[in-house]
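As structure tokens, the structure follows; a few thoughts come after it.
The values are calculated or read from the model by the stated rules, or taken from the named source; none is laboratory data. Source: prediction; values computed, not measured. Don't worry about glycine lacking a Cβ; one is built from the backbone with ideal geometry, like all the others, and counts go over all protein chains shown. Note: areas computed on protein heavy atoms with side chains; ligands, DNA, RNA excluded. Shrake-Rupley method; radii C 1.70, N 1.55, O 1.52, S 1.80 Å.
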Amino acid sequence: MDFPARVALVVSNKRSARALEVARRWGVEAVALPQSDFGGDPVVRDRETAARFRAAGVRLVVCAGYDRILSDEFIDGFPDAILNVHPSLLPAFSGDMDAVERALARGVRVTGCTVQLLERGEADGGPIVLQGAVPVEPDDDVDSLRQRIHEREWELLPQAVALWCAGRLFREGTTVRILPAPAAASV
């Protein structure tokens, strides 16, 4: 597979995360670092996580399904190099893990997902990299809508990673511009 990145390490805050099993099956180092292992202190956990990422040579951190707020210290250690995927069209339904439920409760006709750069401050408040719309069907429940949002996330997140790796994401304050692909060389 021709992709400009490799997964060097998978970290979860839950021992039961399926991502750990999948990573190990593919020969990728995978570790659970629940906050309870660190006396409940998220900063101490984040220091350990950052140290493991640095030891593995990680340059880009990708948060997918990670349901904890990262400390400012962690974010500062990977400036403009932490991508997060959120199951809504941010800024709508930001700040917690029940975005799909909130979208259904509000009766929205369209929701979706957002890939953003993480930064200090408001949860899910970082600059938006990519967004994908997902229509809400009349017979949707939380599970069916969440599944379709995940399918859209599975398309957008690899695109965002590829753009980052190619140096095509340019941050301008609170926004991200996607630079054009380099022109193909003539022979």
Check your understanding: Near the amide H of L33, under 5 Å away, which other amide H atoms are found, from residues 5 or more places off or on another chain, if H is placed in the peptide plane?
Key -> S12, N13, K14
Check your understanding: Using +1 on the beta carbon of Lys and Arg, -1 on that of Asp and Glu, and nothing else charged, what's the dipole of the chain about the Cα centre, debye to 20?
Key -> 560
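Out of the DSSP beta bridges found with both residues in the chain, what percent are antiparallel (nearest 5)?
70
When ligands, DNA and RNA are left out and all protein chains stay put, how many square angstrom of accessible area per residue does the chain have with a 1.4 Å probe? Working shown, then result.
On the way: 10860 Å² over 187 residues.
Per-residue value: 58 Å².
Can you give the local net charge around P158? Use residues other than it whose beta-carbon is closer than 13 angstrom to its beta-carbon, Lys and Arg +1, Asp and Glu -1. Walk me through the numbers before you get to the answer.
Values: positive: R6, R152; negative: D2, E151, E153, E155.
Counting the neighbours of P158, the net charge comes to -2.
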Check your understanding: Kirkwood Rh, region 98-187, all Cα pairs: how many Å?
Key -> 14.9
Review point. Say the dipole of the chain comes from +1 at the beta carbon of Lys and Arg and -1 at that of Asp and Glu; which of P127, P42, V58 then lies farthest toward its positive end?
Key: V58
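Once you have the Kirkwood Rh of the chain from its Cα pairs, apply Stokes-Einstein at 4 °C and 1.567 mPa s and quote D in µm²/s.
73
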Check your understanding: Can you give me the Cα centroid spacing of region 151-187 and region 84-98 in angstrom?
Key -> 21
Practice item. Whole Å is fine, so just give me how far the alpha carbon centre of region 1-79 lies from that of region 107-143. Key: 22
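Carbon-plus-sulfur fraction of the accessible area of region 73-122, 1.4 Å probe, in percent? Before the final figure, lay out the partial values.
Details: 1200 of 2270 Å².
Here carbon and sulfur together make up 53 percent of the probe-accessible area.
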